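Heads up: the structure comes next, in structure tokens.
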Amino acid sequence: MTWASWLTLSRLLVIPGIFVALARQERLWAVGLFVLGALTDWLDGYVARRFNQVSDLGKWLDPLVDKLLILAPLLTLVELGEVPGWLVFLLLARELGITAWRAQLPQVTGANLWGKVKTMSQVGAVVGLILWPGGQTQALLAGAVVISWLSGMIYLWPRHA
């Protein structure tokens with residue numbers, strides 16, 4: 001376990017707080033915790049590269065924890081009736097598909113540029129949905145779903161053979 005991997009795992013600690021804050025309709029707290037978790041995604045990557053702590057565990061663990069951080073508030077917003085479940089399902093299906101594909105690869109690969117764009121679009125959508133619930137911000141999630149599927153196809157394209 002490297003410091004970078006510990007930072008990745010620390011991202012899990014904010015998820016229960018996000019659940020509680022959303023249940024209590026404390027939107028600013030929920031966004032603050034979510035953004036804190038999202039910032040650790042950048043920080044663990046920086047630490048891993050800067051201090052030569054890139055590892056197969058980190059390459060596997062980081063995207064898994066990212067998925068949990070993104071899906072936890074989205075599922076809560078579905079439960080609160082603020083986000084359509086089918087949009088979250090499309091996002092979940094993409095994430096599970098890519099995770100299953102990555103699991104069968106002989107060597108774990110890190111995220112490409114499109115994976116980073118996907119994560120940023122998802123983070124932006126979640127922040128928007130928490131702060132401004134309603135139909136207009138659901139377009140942010142729909143856009144993130146499209147970008148997510150596009151990034152998944154780009155990720156798989158050279159590996160189809």
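Where a number appears in this text, it was derived from the coordinates with a stated rule and is not lab data. Source: prediction; values computed, not measured. FYI the Cβ positions are ideal-geometry reconstructions off the backbone, even for glycines, and counts take in every protein chain you see.
Worth a mention:
- Projected area averaged over orientations for the chain, convex hull of C-alpha atoms, nm²: 9.1
- Of the residues Ile70, Gly134, Pro158, the one whose Cα sits farthest toward the positive end of the charge dipole of the range 45-161, with +1 on the Cβ of Lys and Arg and -1 on the Cβ of Asp and Glu, is Pro158.
- Under the Karplus curve 6.51 cos²θ - 1.76 cosθ + 1.60, θ = phi - 60°, whole-Hz ³J(HN,Hα) for the range 3-13, x wherever Gly or Pro sits: 4, 4, 5, 5, 4, 4, 5, 4, 4, 5, 5
- For the chain, adding -39500 (n - 2.57) for each run of n ≥ 4 DSSP H residues and dividing by the number of residues yields -26500 deg cm²/dmol at 222 nm.
- Summary of the geometry: the range 25-39 and the range 53-97, compared by the centres of their Cα atoms, lie 16 Å apart.
- Working note: Karplus 6.51/-1.76/1.60 with θ = phi - 60° gives the range 144-158 the couplings 5, 5, 4, 4, 4, 5, 4, 5, x, 5, 5, 4, 7, 3, x Hz, where Gly and Pro are set to x.
- Normalised contact order of the chain, rounded percent, pairs of Cα under 8 Å and 6 or more residues apart: 24
- Within straight-line reach of Lys116, meaning a Cα separation under 19 Å, sit the following aspartates and glutamates at least 8 residues removed in sequence or on another chain: Asp41, Asp44, Asp56, Asp62, Asp66, Glu95.
- Among Ser148, Ser121, Ser55: highest mean-square fluctuation, GNM of the chain, C-alpha pairs under 10 Å: Ser55
- Most fluctuating residue given options Pro73, Pro16, Pro106, as computed from a GNM of the chain linking Cα atoms under 10 Å: Pro106
- Residue among Val65, Val20, Val123 with the largest mean-square fluctuation in a Gaussian network model of the chain, springs linking Cα atoms under 10 Å: Val20
- Residue order, fewest to most beta carbons within 10 Å, for Leu71, Leu131: Leu131, Leu71
- Electrostatic dipole magnitude of the range 3-159 [Cβ: Lys, Arg +1; Asp, Glu -1; Cα centre; debye, to 20]: 340
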